[in-house]
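First up is the structure itself, then whatever we jot down about it.
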Amino acid sequence: MGVYAIFLKYIKCGDIRYGCQPYDYEDGTLVFISPGQVYGVDSTGQIVKPWGRALVFHPDLIAGTNLEKHIKDYSFFSYEVNEALHLSKKERATINDCLQKIETEIDHNIDKHSKTLIVSNIELLLNYCMRFYDRQFITRSHVNKDILVRFENLLNDYFKSGTARTLGLPTVAYCADQLHISPNYFGDLIKKESGSTALDYIQSKLIDEAKGKIFDPDKTINEIADELGFKYQQHFTRLFKQKVGVTPNEYRNLN
């Protein structure tokens, strides 16, 4: 796809595939695709007649507008697996109303206001989607909490198994991949559930692990840094002091 696309499907007409994974894309859901992404529809061999609406626009349409500056803030354009926006009936009506306004403006005779009004209505639609995704994070909190538990267990295993020494520090992208979630969706989910960014969460876990190891007098600070996945001891010392307020050696002496 070389365009932005938003699909609203009214009926089930095959499973949409995004990258190499299936989307949880049922009737009444929205899917967002940005330029450069690959997708397809698997109808499982059945003859189906899709029914719904789609908003498709080229990046050139928003060039030089406020929306171009902030399009990357709409992180749902980079969501991937099982992350479609499931709309309530009232929310679907709001989205349809936005789409109708855009359609009406497209059908209007083109004048100097056309681009501004079309782009403004697209931005309005995207802002509503931000609100509805925030609602979805809340209403699907049982699913999100399960992911948070799996994230915690993933980090525990990462350090206990010695993976850190082999692969280095755990990254947000690595954790998202292991949990089969896109990095953007993962980051938004962790922020909503814990109040911290995914990186802060990883670093807090890292510091907790470090504190436990520092109490072992037989280990040097350099060995601890290596076990945690740091390439250089000074990077570990800098992060530890930033988070704890003292260096690892000072922390060891204080305790």
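Things to note:
- Between Asp60 and Lys115, the modelled labels are 1.1 nm apart [label points 7 Å from Cα along Cα→Cβ].
- When segment 61-122 is reduced to its Cα atoms, the Kirkwood hydrodynamic radius in Å: 13.6
- Reduced Cα scattering model of segment 143-254, Debye log10 I(q)/I(0), q = 0.20 Å⁻¹: -1.04
- Model label sites at Lys191 and Lys89, defined 7 Å from Cα along the beta-carbon direction, differ in position by 3.3 nm.
- Multiplying the residue separation of Arg238 and Thr166 by 0.36 nm and removing their Cα-Cα distance gives an extension gain of 23.8 nm.
- Stretching the chain fully between Ser75 and Arg53 yields a gain of 5.8 nm (0.36 nm per residue, less the alpha carbon separation).
- Subtracting the Cα-Cα distance of His180 and Asp200 from 0.36 nm times their residue separation leaves 5.2 nm of extension gain.
- Arg135-Glu227 FRET efficiency (beta carbon distance; Förster radius 45 Å; 0.05 resolution): 0.60
Values quoted throughout were computed directly from the atomic coordinates according to the rules given, and no laboratory measurement underlies them. Remember, predicted model here, so these are calculated numbers, not experimental data. Every residue, glycine as well, gets a Cβ built from its backbone with ideal geometry; the counts of neighbours run over all protein chains shown.
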